[in-house]
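Trainee: Could you have a look at this structure, given as structure tokens, before my questions?
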Amino acid sequence: MAGVDLRHVLLDLLPSSDMTERCRELRIHHHLEKIIPDLWAINAVIWDATMRAGAQPDVEMWMADEGAAIRDATIRAGTQPDVEMWMADAGAAIADVQNLLDRILEWPGRAAAPSNPLLRSCLGIRVAFRLSILQELKEMGRRSKELVRRGSALDLRKEAMDAMDPCDEEYSHVLGEEVVGRDKDRDNIVEILQQNQSSSNGEPFVIEIRDEGSYRSFSSMGKTTVARMIYHHPWVRQHLHHRIWVDVSMDLDSDPVSIGREFARCITGESCDHLRSHQAMWLLVNERLGQRRYLLILNDVYHDDGEEGLLKGKWDELKHKLLHVGGMGSTVIITTKSASVFSRSLDIHGCRDYLLAGLSEEAWIKLVMREALIGSEQDNTCSINFLLQFAEQQYETLESSPLVAKTLGLSIQEHRELQSLVNLKKLCLKKLDELPSTEDARALKLKDKMFLKRLALCWEWWDTEVALATNAALLLHEQVPKNLQPSLAIKNLEIVSYMGQKLPSWLACKEGYLKYLREIKLINLKKCEMLPPLGQLLGLETVEISGMESISAVDDAFYGGTFPSLETLVFSEMPMLERWVKAKGEVDMFPRLERLMLIQCPKFKELHVRLPSTTSRSFFTLSVWLNNDKLLSSEFVGWQKLEGVDELEISGCEELRCLPPGLKHLESLEWLEISRCNNLMALPDWLAQLKSLKCLVVRDCARLSFIPERLKQSPPRFYLTIEGCPRLEL
């Protein structure tokens with residue numbers, strides 16, 4: 001793959017001491033350095049290009065088992081011919097660069113220069129070779145710049161962590177900005193290193209970072225990234241004098257000597273390829289290193305349980321050399337790449353395991369969102385909230401690795417296939433007033449989201465905006481919810497701050513469309529002129545209606561049928577509501593109603609519906625939070641309709657100075673609670689005549705100063721609780 005080959009060029013071939021030496025002999029090092037920035041720029045966009053060309057094997061592996069919608073989105077990426085052509089050209093250019101560098105390394109150098117004057121004409125070969133290399137480098141530079149230009153034109157996204165040498169000191173800033181959710185792991189491992197600085201046996205401390213065991217783990221949890229964070233950690237840089245990073249391929253590169261050479265090169269800063277014997281190489285390391293501490297990171301060691309003996313033998317050979325170099329507190333960190341998800345840890349005596357778990361839900365979702373939104377000009381809050389809900393759901397079903405999070409985010413970012421994510425269970429769409437058009441609402445295809453159970457549709461209007469809105473604007477506003485029709489599987493629906501005069505027709509569909517709906521909340525629908533016929537939604541258990549300022553009556557428009565399953569009903573912040581009329585006929589409208597709440601309905605004065613139903617056997621609670629002086633007068637009609645109330649809560653009624661006489665009709669009342677009625681001055685004598693009353697609770701009534709003696713001297717069955725009433729003397 002192009003990305004792997006280019007990283008080999010950038011991290012292995014170009015920095016090698018042999019390459020440096022050959023380039024200086026040929027006097028081409030300045031020419032070669034000119035193309036390196038463009039090569040890093042190409043490397044930075046290969047991940048995005050690979051994803052858009054649909055050719056990432058790690059991605060294919062986890063997509064084989066997860067998320068058909070995501071997989072389909074990525075497959076569709078393969079239909080981008082311009083990106084595929086760029087990938088092909090980049091692959092060819094990288095291969096040519098590698099071939100050129102191999103030829104430079106194979107050039108024999110000055111050691112092979114002829115000393116015989118008769119053969120000095122052979123030096124012309126060296127000149128010709130140099131001119132040929134310079135010509136090819138010039139062409140490579142041109143091709144690299146062209147690839148960078150084309151990549152920019154294709155809007156290929158740059159990966160900051162792939163844009164520079166990860167051993168460069170500036171890379172620490174990149175890690176700080178790019179890595180999500182691994183600070184705790186970094187700090188944990190550094191703390192382990194600090195605790196093992198005074199090893200008593202003189203051996204280097206060894207720690208293996210490996211993925212936490214999981215039968216589903218097909219992608220790395222980010223071991224190399226964590227190792228990079230440790231490599232650049234300030235404490236490590238201060239206390240470990242030399243840091244050596246070795247990318248190890250299969251079985252310790254099949255030759256521990258190569259690791260030793262890299263170790264020696266990092267310590268000495270010189271090429272050590274001329275040292276052919278172990279003894280000479282490690283003598284040089286020991287001489288230069290002395291008693292200074294080192295950190296050696298062996299990254300990506302391939303671990304196969306079936307060949308564990310071979311790996312252990314090679315490790316023992318390397319460790320034998322490491323024992324004789326460096327000071328106390330030297331450390332070796334090994335990151336492993338296992339052949340199987342069931343692989344055990346390395347069988348290394350004294351090695352400490354560090355199991356790297358997946359990202360936390362918060363970090364994983366943050367990474368998905370960042371990848372999906374980087375470079376996007378779309379600031380539609382509706383889509384962002386849609387994406388957030390989707391990411392939260394996917395965390396529960398996909399692996400929690402950073403690779404999966406990045407891939408998922410990038411897939412969405414490239415294709416914006418939000419409407420195809422069919423597995424959503426919960427969704428909150430906010431700021432729908434900023435939706436550019438009704439077509440954007442239709443594009444979400446909520447009706448096709450068969451797994452969607454909870455839906456909130458939220459607008460954010462200011463009163464001044466509503467007042468200034470023209471009829472034409474409000475009419476257009478009414479078209480949006482028509483195109484946000486949910487699937488028939490919806491169970492919870494919330495509509496907030498919708499400013500249309502009419503609710504969408506799908507809410508009043510008589511064909512049993514919303515037969516699974518259990519809860520509905522209609523909040524702050526200030527201009528809505530009519531209650532929807534919720535009685536025909538036979539499965540409803542909870543209804544909350546609040547802030548519908550234009551509604552003056554609860555009538556047949558609301559019923560539409562009976563409410564056979566309704567248990568909780570709330571009317572609040574209804575400034576114009578005056579009457580609640582009974583339905584036509586004598587049917588029981590609310591046979592299972594257990595709780596009714598009336599909150600801040602200041603004009604409410606007529607109740608003509610018997611609550612609870614005569615057939616109800618449930619304990620019924622009425623909560624009244626009203627600033628309503630009509631409760632105190634004969635104007636209020638309806639207390640006799642509440643004779644079946646078992647529990648009454650009166651709260652926050654500032655107009656209440658004494659309890660309304662109509663409460664005498666509550667013959668079944670067992671519990672009465674009065675709170676925050678600051679103008680209530682006395683409780684009436686007749687309250688003690690309610691034979692069924694078992695408990696009276698009075699809280700935070702600042703002016704209450706009198707309770708009848710008959711209540712104070714009530715029999716043992718009666719419970720009286722008084723709290724926060726400073727004027728009352730018991």
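Trainee: Could you tell me how many of the residues in region 693-713 are buried (at least 18 other Cβ atoms within 10 Å of the Cβ), part of a strand (DSSP E or B) and not β-branched (Val, Ile, Thr)?
Mentor: 1
Trainee: Sticking with this structure for a sec: Being over 18 Å from GLU723 (Cβ atoms) and open to solvent by less than 30 Å² (accessible area, probe 1.4 Å) is the requirement here; does LEU680 meet it?
Mentor: So LEU680 does not fit the description; no.
Trainee: Applying the selection to region 109-153, what residues are open to solvent by less than 40 Å² (accessible area, probe 1.4 Å) and at pLDDT 70 or above?
Mentor: Listed by number, the residues that qualify are ILE133, LEU134, LEU137, MET140, GLY141, SER144, LEU147, GLY151.
Trainee: Applying the selection to region 527-550, what residues are of a type outside the set (Asp, Glu), outside any loop (DSSP other than H, G, I, E, B) and open to solvent by 10 Å² or more (accessible area, probe 1.4 Å)?
Mentor: GLN536, THR542, SER546
Trainee: Residue by residue through region 658-692, note down the ones that are part of a loop (DSSP other than H, G, I, E, B) and within 21 Å of MET597 (Cβ to Cβ).
Mentor: Within region 658-692, LEU659, PRO660, LEU666, SER668, LEU669, GLU670, ARG676, CYS677, ASN678, LEU680 meet the criteria.
Trainee: Let me ask something additional. Being at pLDDT below 80, closer than 30 Å to ILE244 by Cα and among the aliphatic types (A, V, I, L, M) is true for just one of VAL9, VAL45, VAL59, VAL4. Which residue is that?
Mentor: VAL4
Trainee: May I ask you to verify whether VAL609 is under 21 Å from PRO660 (Cβ atoms), assigned to a loop (DSSP other than H, G, I, E, B) and in contact with a helix residue (DSSP H, G or I) (Cβ under 7 Å, 6 or more places away or on another chain)?
Mentor: In short, yes.
Trainee: Considering only residues that are over 14 Å from LYS138 (Cβ atoms) and either at pLDDT 90 or above or assigned to a helix (DSSP H, G or I) (or both), which ones fall in region 19-36?
Mentor: Within region 19-36, MET19, THR20, GLU21, ARG22, CYS23, ARG24, GLU25, LEU26, HIS29, ILE36 meet the criteria.
Trainee: It is to be established whether one or more residues within region 192-214 are charged (D, E, K, R), under 23 Å from ARG352 (Cβ atoms), modelled with pLDDT under 90 and not in a loop (DSSP other than H, G, I, E, B).
Mentor: Scanning region 192-214 turns up at least one residue that is charged (D, E, K, R), under 23 Å from ARG352 (Cβ atoms), modelled with pLDDT under 90 and not in a loop (DSSP other than H, G, I, E, B).
Trainee: Out of VAL637, VAL624, VAL645, which single residue is over 52 Å from the mean Cα position of the chain (by Cα), β-branched (Val, Ile, Thr) and modelled with pLDDT of 85 or more?
Mentor: VAL637
Trainee: Those residues that are among the aliphatic types (A, V, I, L, M) and outside any loop (DSSP other than H, G, I, E, B), I need them from region 551-568; list them, please.
Mentor: ALA553, VAL554, ALA557
Trainee: Going by the conditions given, is GLN378 at pLDDT below 80, over 27 Å from LEU193 (Cα atoms), of a type outside the set (Asp, Glu) and part of a helix (DSSP H, G or I)?
Mentor: no
Trainee: Another one. Any idea how many residues of region 462-498 are in contact with an Asp or Glu (Cβ under 9 Å, 6 or more places away or on another chain) and at pLDDT below 70?
Mentor: Counting residues in region 462-498 that are in contact with an Asp or Glu (Cβ under 9 Å, 6 or more places away or on another chain) and at pLDDT below 70 gives 1.
Trainee: Continuing with this model, one more query. For region 566-602, give me each residue that is charged (D, E, K, R) and free of Cβ contacts under 8 Å to residues at least 24 places away in the same chain.
Mentor: Hit for region 566-602 is GLU586, nothing else.
Trainee: Shifting gears a bit: Name the one entry in GLU673, GLU654, GLU667 that is modelled with pLDDT of 90 or more and within 27 Å of CYS601 (Cα to Cα).
Mentor: Matching residue, one of GLU673, GLU654, GLU667: GLU673.
The values are calculated or read from the model by the stated rules, or taken from the named source; none is laboratory data. Here the structure is a predicted model, which means the values were calculated and not measured. Note: ideal-geometry Cβ built from the backbone for every residue, glycine included; neighbour counts use all protein chains shown. For the accessible areas, the whole protein counts, side chains as well, though only heavy atoms, and no ligand, DNA or RNA atoms are used. Shrake-Rupley method; radii C 1.70, N 1.55, O 1.52, S 1.80 Å.
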